[in-house]
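Coordinate-derived values only; no laboratory data. Just so we're clear, the structure is a prediction, and the values are computed from it rather than from any experiment. Here Cβ is always computed from backbone atoms with ideal geometry, including for glycine, and neighbour counts include all displayed protein chains.
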Amino acid sequence: MANDQLTYLIQESLASMQAGGKIAEDATAEINNAATNEKLKAALEEGNKTAEQWRQRVDRALQEAGGSSEPGNRIIEALYDVSKSVITKYGDDYSRDLAIIESGQLALHYWIAAFGTMDAYAKRAGLSQTSQDMEKCRKEAEQADKEHTDIALEIIESHS
C-alpha cells in the first residue's frame, strides 16, 4: 500500500515536472532575447540544451514510473511570470541582466529540489534508471546555479 502511494506520488510529481519543462521552454526565447551580457547569453543557451536533456530524462522517468502527463505546474508558471516582468521592469542592461540571473536561479533551485526529491523517492521505489537520471539532472542544475552566480558577480564587478 505505501509503495503504491509512493509510486503515485512519483508519477504525479514527474508529470508536474514534465509540464514545468514545457513552460520553461516557452519562456526561454523571451529571456534569451532580453539578456545582453555575452557570458549570460552563452550560459542561457547552454541551459537550453541541458533543459532538453532534462525533458528527455523526465519523459523517460515518467514512462518507467508508469505515469501519464498532467496539464500544469503552477510553480514554474509563477516563475515564468516573474521572468516576464523582469524583462520589462528594468530599463538598463545591467539591472535587467542581474534580474534575469536572479529569476533564473529561482527556477534552478526549484529544479534542484525537484530532481533531488525524485532521486530519493525513485531509489526507495526501485526505479533505478529514474534515480540515476534525476541525480544527474540535480548535479547539472547545481552546476548551472554556480555558473549563474559567477556571471552575476562578474557583471557586478565590471560595473564597480
Check your understanding: Which value at 222 nm does the chain reach when only helices count, each DSSP H run of 4 or more adding -39,500 (n - 2.57), with the total divided by all residues and rounded to the nearest 500 deg cm²/dmol?
Key -> -31500 deg cm²/dmol
**Study point:** Out-of-range pairs (alpha-carbon distance over 23 Å; input 22/84; 84/136; 84/139; 89/139; 123/146)
**Key:** 84/136; 84/139; 89/139; 123/146
Study note, to complete from the structure: Mean 1/r over distinct Cα pairs of the chain, inverted to a Kirkwood Rh in Å, yields 16.2 Å
Check your understanding: Against the longest principal axis of the chain, how steep is helix 2-34, in degrees 0 to 90 to the nearest 10, with axes from Cα atoms?
Key -> 20 degrees
Study note, to complete from the structure: Taking Cα atoms, the helix 128-158 axis meets the longest principal axis of the chain at an angle in degrees (rounded to 10) of 10 degrees
Practice item. Report, in degrees rounded to the nearest 10, the 0 to 90 angle that the Cα long axis of helix 93-125 makes with the longest principal axis of the chain. Key: 10 degrees
Practice item. Treating only the Cβ atoms of Lys and Arg (+1) and Asp and Glu (-1) as charged, compute the dipole magnitude of segment 35-147 about its Cα centre; round to the nearest 20 debye. Key: 280 debye
Study note, to complete from the structure: Expected sort for 159, 148 with the fewest Cβ neighbours (10 Å cutoff) up front is 159, 148
Point to revise | Within straight-line cross-link reach of residue 39, aspartates and glutamates at Cα separation under 13 Å, skipping those fewer than 8 residues along the same chain | key: 97, 147, 150, 154
